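Asker: Dropping the structure in here first, questions after.
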Amino acid sequence: MPAPPPRFHFLRRADVLAGLLFIAVAVIGLWASRHYPIGTTTRMGTGYVPRLLCWILLALGALIVVQGLRAGGFIELGRPIWRAMVFVPLSLLVFAFLIGPFGVVAATVALVLVGALAGRESRPLEVVAVAVLLVVLTLTIFVWGVGLPIPVWPEW
Amino acid sequence: MDFLANLALGFGVALTPANLGFALVGCLVGTLVGVLPGIGPVATVAMLLPLTFHLEPVSGLIMLAGIFYGAQYGGSTTAILVNMPGETSSVVTCIDGHQMARNGRAGAALTVAALGSFFAGTVATFMIALFSPPLAKVGQSFGAPEYFSLMVVGLIAAVVLAHGSIIKAVAMVLLGLLLGLVGTDGQTGGQRFTFGITILSDGIGFVPLAIGVFGLGEVIANLVHPQQRRDLVSSKISNLWLTKEEFKQAWPASVRGTLVGSILGVLPGGGATLSAFAGYVVEKKLARDPSRFGKGAIEGVAGPESANNAGAQASFIPMLTLGIPGNAVMALMIGALTIHGIQPGPQVMTERPALFWGMVASMWIGNLMLVIINLPMIGLWVQLLKVPYRQLYLAILLFSAIGVYTVNNNSFEVILTALFGVLGYVFIRLECEPAPLLLGFILGPLMEENLRRAMRISGGDPMIFLNRPISLGLLIAAALLLLVVALPFIRGKRDEVFQG
Amino acid sequence: MPIASLARRHFICAAVVTAAGFAAAPAFAQSTWPERPVRLVVPVGAGGAADTLARNLSSGFQQIANGQPLIVENRPGGGGTTAAAAVTREKPDGYTLFLAEVGANAVAHVLQAKLPYDPHTAFTPIIHAANLPVAVVMKPTLPYKNLAELIADARKQPGKFNYASAGIGNWTHLFMAYLNAQAKIEMVNVVYRSGAEMLTSVVRGDADVAPITVSTAIGQIKEGKVKGLAGFPAKQIPQLPDTPPAAQALPGFQIELWHGIVGPAGIDPALVARINAIFNQVLETPAVRNAINVSQAAEAVGGPASQFDALIKAELKRWPEVAKAAGMKPE
């Protein structure tokens, strides 16, 4: 006999989750725009179009959820997902925070190191080599070649 | 105005060694810049603008124009190889172009992009030469109501971009619309969805959104499911050139795309961007088997690529003939002309024919140069794909970060990109398509703005959209398009009912 | 390739020196200012009239200023306040300057709720660089021969006429609000995104009138696509002989779209005098003067820093009133 389906399995369907996502966005939108002046149809205020769109999105989201509940399909969630979903954006965040005060060299190295954590196949020696190569490429092509005005070294 | 004599004059100017050199520099820099996602032609042209002070006006413009086209070509390269749109108009190329790469046909995709663009560039050059004044008039006759109606057509067409569930596509368009509305409401000065964050008052940038959703989402997906990468790395990359079959499919698409692009590009305000999307929609609707689209249909690359190149060149027309910039790059060109003491406007064609026709001739030369530069490089690019993904993705991440950062020297946008990357992956897993979202994002604010402007102009009378012929025509086209889109859906439902 | 290496040279210079230069910029170096490249931050995107002005200044700067370049940095956004705020945070050592104009420097505090700087105190005025003359253009299908006739009709029918502007709170909006208030008329504001769009709108006939800088409008005026109805400066605009000053219809009416250079607050007065002197020289060089007065159809001004200070103070009194009276407020 097959293993019993995990809890809430009916929620783990692509369309159901998608619909919920849309509903969530619509609700946030409606909440955020609750004080915006609406105006009239001929002289629309700030809130007219956004709120209208949110309501339509809400309705569509509901429809999609219903569609999803009727169809099949099941999404696998697992550990590799979280690694990639965390470390890829994290690598960019690290870059964003470091480049201003520390320059592009430091930011690049940090991005590569953090980014390497996102994949399952990364080998430490390779990662270092890639980091060095990318720093060199960046400096040659973008800083010296094209002349982009980005901070290179830390402000000491 | 003898057409041949003008062209001869133009080529005489453009073919001097100095000007050829400038064109080459421009094209090279432009390609490099275009390949880097994010930093687009606008920033590069702005950076290199001061250098043109010391040059002859024609030479300066030729170089700047070369950068502009080069960036277009470069943008397609990354779109095809790594699903990263180099700039707005390459977004559409991602859809089928990247799929072609995944099918092992990266070389063919790149080739068709290059050749299609060259063809479009050649034709567009002729169109500019012959039809500048009347085309410019067309551009001028678009007011707020006409733009609104055009956007409506565009948004309905956005649904066509999708190859999956139509309801979800519509929802994505709406989501894109909402994201596009974040920022200051231009018509009243009010803040929308900015949650008090000042940087957001200028809205969410297109670059972080596109790179995050398309490029980073793809990276995350590839890391999570290495076996589904259907590589790029492992599959044999057959034949870099187009097969006969592919060529036969591609060239009509290219012709159609060129036509679409030439017309749309003349419209100030995003005409060139719309060109690529329109080109794709036209191809999909005319294809005998639309289900191929989204899986690597070569028309899905040839059409939009030709359209966007034609559109980009056509966008020079309002600038050169009327002195009205169609987009940011054109505004820069006008700035460059003014610095040289030339007032762009209708009189430029008559008072400074050498400048005007020299530029036109140089456009063609620029296109030729770009094909010459890019075709041999295709082999190089394809080799790049053989780099093991575990190293390649790090480079992709870095170039995305730098690209986004350099657009405005702004770390916040890099943060946004990271967030959109997560969202992009979520979309992939939930089978929501990002292309309609992007189109909604671009068109939504424009549509809303023009709707409200039109209402102000007419004093609150909604009949203005129907009273003006162009607007009326577009709205009728929109209604027809809606029917065409909805028809299979309705018919499907009816079939369901009858079968049940 | 000479061009690429020039860029490289500039930017290596800027990058290396900027990194080192945050260390110290002693105030007593004012007599030798500038010793490294100077940044001029511009609150608009590249290609607009103000940007062109900055670049014109930049083209004449290097030969007068110890061979150091003036690097134009575009930072559009927030109606000019993004750039302004960034400059207020820099050191007052004369190496970061700002192209000041009415938006960021005279009226932003009334239009935005949380402005991170106070325009009254956050800047050191240095020099009034130029005035960009603005004219009201009118769509050719309207029969009025001058501003007075238009005003007369507008008084009879409030809300009948409309004008194009480039944004709520933008100078185009402010100037027209002022005109409406002085003429006691009521016109509807149709908002666009740029001067080019505004002009196209008038040519198209969607907007009845619009305030446009002469350099942007002159092509269309000469072609007869729009009519130059009235000029905002007090005196006749030389490039538009058929466009009388608005003061003819409204005595005492005058507006200048001024642009000048300021630095962060707290610049040593001796350094201010030195920077002022350099820029005055730049404005006197024939090439720059010609570029501004002829190509841009503008008016190079110059003069001492105190004069610019007085101007800004006067504008700080004038425009917030206009904005408030027109109902512009932070939302």
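The values are calculated or read from the model by the stated rules, or taken from the named source; none is laboratory data. Remember, predicted model here, so these are calculated numbers, not experimental data. When we count neighbours, we look across all protein chains shown, and the Cβ atoms used for this are built from the backbone with ideal geometry, even at glycine. Remember, those area values only see protein heavy atoms, side chains included, never the ligands or the DNA or RNA. Shrake-Rupley method; radii C 1.70, N 1.55, O 1.52, S 1.80 Å.
Asker: When the solvent-accessible surface of protein heavy atoms is calculated with a 1.4 angstrom probe, in what order do C:Glu256, C:Glu197, B:Glu413, B:Glu56 fall, highest first?
Answerer: B:Glu56, C:Glu197, C:Glu256, B:Glu413
Asker: When all protein chains stay in place, what accessible area (Å², nearest 10, 1.4 Å probe) is found for B:Ile197?
Answerer: Surface accessible to solvent at B:Ile197 totals approximately 70 Å².
Asker: Between C:Ala234 and C:Gln254, what length comes free when the chain is fully extended (0.36 nm per residue of separation minus the Cα-Cα distance, one decimal in nm)?
Answerer: That works out to 6.7 nm of additional length.
Asker: Binning at 10 Å from 0, report for chain C what percent of all alpha-carbon pair distances ends up in each bin.
Answerer: With a bin width of 10 Å, the distribution comes to 6, 26, 33, 22, 11, 3, 0.
Asker: A further question on this structure: Highest GNM mean-square fluctuation, chain C, Cα pairs closer than 10 Å: which of C:Ala54, C:Ala277, C:Ala100?
Answerer: C:Ala277
Asker: Work out the FRET efficiency for A:Phe97 and C:Thr32 from their Cβ-Cβ distance, taking R0 = 51 Å, and round it to the nearest 0.05.
Answerer: 0.85
Asker: For the range C:104-146, what class follows from the C-alpha gyration tensor (a ≥ b ≥ c being the square roots of its eigenvalues): rounded when a/c is under 1.5, otherwise prolate if a/b is larger than b/c, else oblate?
Answerer: oblate
Asker: Right, next: For a Förster distance of 60 Å, can you work out the FRET efficiency between the beta-carbons of A:Leu139 and B:His225, rounded to the nearest 0.05?
Answerer: 0.95
Asker: Next question, about the same structure. Which one of C:Pro330, B:Leu483, C:Asn162 is farthest out on the positive end of the charge dipole of the protein assembly as shown, using unit charges on Cβ (Lys, Arg +1; Asp, Glu -1) and the Cα centre as origin?
Answerer: Checked the options; the winner is B:Leu483.
Asker: What is the average number of partner chain Cβ atoms found within 10 Å of a Cβ in B:189-196?
Answerer: 6
Asker: Which one, B:Thr184, A:Ile23, B:Asn410, projects farthest toward the positive side of the charge dipole computed for the protein assembly as shown from Cβ point charges (K/R +1, D/E -1)?
Answerer: A:Ile23
Asker: Cα to Cα, under 12 Å, and not fewer than 8 places away if on the same chain: which aspartates and glutamates meet these conditions relative to B:Lys295?
Answerer: Once the sequence-local aspartates and glutamates are set aside, what remains near B:Lys295 is B:Asp96.
Asker: Between A:Arg70 and B:Ser141, what is the spin-label point distance in nm, taking each point 7 Å from the Cα along the Cα→C-beta axis?
Answerer: In this crude label model, A:Arg70 to B:Ser141 measures out at 4.7 nm.
Asker: Can you return the lysines within cross-link range of C:Lys235? Criterion is Cα-Cα under 30 Å, with same-chain partners fewer than 8 residues away left out.
Answerer: Counting by Cα, and skipping residues close in sequence, C:Lys235 has these lysines nearby: C:Lys139, C:Lys145, C:Lys156, C:Lys160, C:Lys184, C:Lys222, C:Lys225, C:Lys227, C:Lys313, C:Lys317, C:Lys324.
Asker: Only Cα pairs under 8 Å and at least 6 apart count here; give the relative contact order of the range C:52-202 as a rounded whole percent.
Answerer: Answer for the range C:52-202 is 16 percent.
Asker: Protein chains only, probe 1.4 Å: how do C:Ile64, C:Ile212 rank by accessible area, largest first?
Answerer: C:Ile64, C:Ile212
Asker: Follow-up. Please return the longest stretch of chain B lacking exposed loop sites, where trypsin sites (Lys or Arg not before Pro) count only if DSSP places them in a loop and at most 15 other Cβ atoms lie within 10 Å.
Answerer: B:1-229
Asker: Something else: State whether chain B is rounded, prolate or oblate according to the following rule on the C-alpha gyration tensor (a ≥ b ≥ c being the square roots of its eigenvalues): a/c under 1.5 gives rounded; otherwise a/b larger than b/c gives prolate, and the remaining case gives oblate.
Answerer: Cα axes put chain B in the rounded bin.
Asker: A further question follows. What is the calculated FRET efficiency for B:Leu375 to C:Lys329, with r their C-beta to C-beta distance and R₀ = 60 Å, to the nearest 0.05?
Answerer: Working from the Cβ atoms, E equals 0.55.
Asker: Convex hull over the Cα atoms of the protein assembly as shown, averaged projected area in nm²?
Answerer: Its Cα hull, projected and averaged over all orientations, spans 40.1 nm².
Asker: In addition: Once A and B are treated as a pair rather than alone, how much accessible area drops out, both sides summed, in Å² to 100, probe 1.4 Å?
Answerer: Buried surface at the A/B interface: approximately 5600 Å².
Asker: I would also like to ask the following. Checking buried surface per residue: for the range A:107-144, which residues lose a minimum of 40 Å² accessible area in the protein assembly relative to the chain alone (1.4 Å probe)?
Answerer: Residues passing the criterion (a loss of at least 40 Å², heavy atoms only) are A:Leu111, A:Arg120, A:Glu121, A:Glu126, A:Val130, A:Leu134, A:Phe142, A:Trp144.
Asker: Rank by packing, highest mean first: peptides C:136-146, B:441-451, B:458-468, B:143-153, with packing defined as the count of other Cβ atoms within 10 Å averaged across residues.
Answerer: Most protected by this proxy first, the peptides run B:143-153, B:441-451, C:136-146, B:458-468.
Asker: Okay, moving on. Using the basic label-point model (7 angstrom from Cα toward the beta carbon), what is the B:Ala354 to C:Gln62 distance in nanometres?
Answerer: 2.5 nm
Asker: Starting from the 7 Å offset along Cα-to-Cβ, what nm value, one decimal, do you get for the label separation of B:Leu482 and A:Ile28?
Answerer: 3.0 nm
Asker: Measuring from the lowest to the highest alpha carbon on each principal axis, how far does the range C:137-268 reach, largest first, in angstroms?
Answerer: Sorted from largest, the Cα extents of the range C:137-268 read 55, 31, 28 Å.
Asker: Residue farthest toward the positive end of the dipole of the protein assembly as shown, with Cβ of Lys/Arg at +1 and Asp/Glu at -1: which of A:Val127, B:Ile457, B:Leu61?
Answerer: Farthest towards the positive end: A:Val127.
Asker: If you don't mind, there's one more thing I want to ask. What is the magnitude of the charge dipole of the range C:135-221 about its Cα centre, with +1 placed on the Cβ of each Lys and Arg, -1 on the Cβ of each Asp and Glu, and no other charges, expressed in debye to the nearest 20?
Answerer: About 120 debye.
Asker: Helix C:269-284 versus the longest principal axis of chain C: what angle, 0 to 90°, nearest 10, using Cα atoms?
Answerer: Tilt relative to chain C: about 60 degrees.
Asker: Leaving out ligands and nucleic acids, note down the accessible area per residue over chain B with a 1.4 angstrom probe, in whole Å².
Answerer: 33 Å²
Asker: While we're looking at this one, here's another question. Per residue, how many Å² of accessible area does the range C:241-305 show with a 1.4 Å probe?
Answerer: Heavy-atom accessible area per residue stands at 38 Å².
Asker: With only Lys, Arg, Asp and Glu charged, each at its Cβ (+1 for the first two, -1 for the last two), find how big the charge dipole of the protein assembly as shown is about the Cα centre; round to the nearest 20 debye.
Answerer: Its charge dipole is roughly 1760 debye.
Asker: Follow-up. Considering only protein heavy atoms and a probe of 1.4 Å, how much of the accessible area of chain B is carbon and sulfur, as a whole percent?
Answerer: 69 percent
Asker: So if I place +1 on the C-beta of Lys and Arg and -1 on the C-beta of Asp and Glu, and nothing else carries charge, what would the dipole magnitude of chain C be about its Cα centre? I want it in debye, nearest 20.
Answerer: Computed charge dipole of chain C: roughly 320 debye.
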